Amino acid sequence: MAVSWRSYIRPIVIRTTLAWEWWQSGVTYYPLAPRVYRNPYSTYAKLRAQDPVHWNFLSHSWVFSRYRDIDAILRDHGRFSNDARYRQEVSQSQAAASTPGGPSMLFLDPPDHTRLRALVQQAFTPRAIEALTPRIRQIAANLLTRSPT
């Protein structure tokens with residue numbers, strides 16, 4: 001099986017980008033690194049201490065690590081929107097292409113999110129979830145007894 005040249009280049013690009021990020025701020029944030037996803041708390045502490053408003057070069061996004069900043073961001077839908085349709089760097093056609101079925105309610109701001117959440121919340125009550133238990137068990141049992149392909 002041929003190995004793609006990208007499999008060789010990608011780790012080099014990631015390491016180089018992280019080195020640049022460290023040189024800029026003294027800290028890096030790469031949540032896919034094994035040591036970070038196994039125990040992210042030391043990385044979060046380092047971010048809070050050294051660069052609480054951190055630009056992440058790999059994801060081209062800001063990483064906030066202080067509670068008060070995150071709380072303010074989550075409450076200020078005017079300046080910090082979840083909705084990709086309002087991002088400056090994303091064209092309307094790019095936003096539409098990334099969500100072909102329309103925007104997910106997970107990435108909508110109030111009042112659209114609030115309206116859609118009210119419509120679906122009855123499907124997620126404890127009683128509704130409990131009613132799904134027999135079907136979920138049946139699906140799981142079928143998957144476990146299915147022969148490997």
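The values are calculated or read from the model by the stated rules, or taken from the named source; none is laboratory data. Bear in mind the structure is a predicted one, so any value in this text is a computation, not a measurement. Here the Cβ is made from the backbone with ideal geometry for all residues, glycine too, and neighbour counts use every protein chain on show. Areas reflect the complete protein model, heavy atoms only, side chains present, ligands, DNA and RNA absent. Shrake-Rupley method; radii C 1.70, N 1.55, O 1.52, S 1.80 Å.
Before moving on, here are some points about what is shown:
- Percent carbon-and-sulfur accessible area, the chain, ignoring ligands, DNA and RNA, probe 1.4 Å: 61
- Ordered by solvent-accessible area of protein heavy atoms (1.4 Å probe), largest first, the residues Ser25, Ser7 come out as Ser7, Ser25.
- Two-site FRET efficiency, Asp112 against His60, from Cβ-Cβ distance with R₀ of 22 Å, rounded to 0.05: 0.30
- Heavy-atom surface of the chain, accessible at 1.4 Å and reported per residue (Å²): 83
- Taking the Cα centre of the chain as origin and assigning +1 to Lys and Arg Cβ atoms and -1 to Asp and Glu Cβ atoms, the resulting dipole is close to 500 debye.
- Inter-label distance, nm, simple model (7 Å from Cα along the C-beta direction), Glu130/Arg68: 4.4
- Debye log10 I(q)/I(0) for the chain, one point scatterer per Cα, at q = 0.09, 0.14, 0.19 Å⁻¹: -0.54, -1.08, -1.16
- Heavy-atom accessible area with a 1.4 Å probe sorts Tyr41, Tyr29, largest first, into Tyr41, Tyr29.
- When the residues Trp5, Trp20 are ordered by accessible surface, computed with a 1.4 Å probe over the protein chains alone, the sequence from largest down reads Trp5, Trp20.
- Distance between modelled label sites at Asn142 and Ile14, nm, 7 Å Cα→Cβ extension: 3.7
- Gained length - Val36 relative to His77, 0.36 nm times residue gap less alpha-carbon distance: 11.8 nm
- At q = 0.10, 0.15, 0.24 Å⁻¹, base-10 log of I(q)/I(0) for region 4-88 (Debye sum, equal scatterers on each alpha carbon): -0.32, -0.68, -1.20
- Protection proxy ranking of 102-111, 66-75, by the mean of other Cβ atoms within 10 Å over each peptide's residues and highest first, is 102-111, 66-75.
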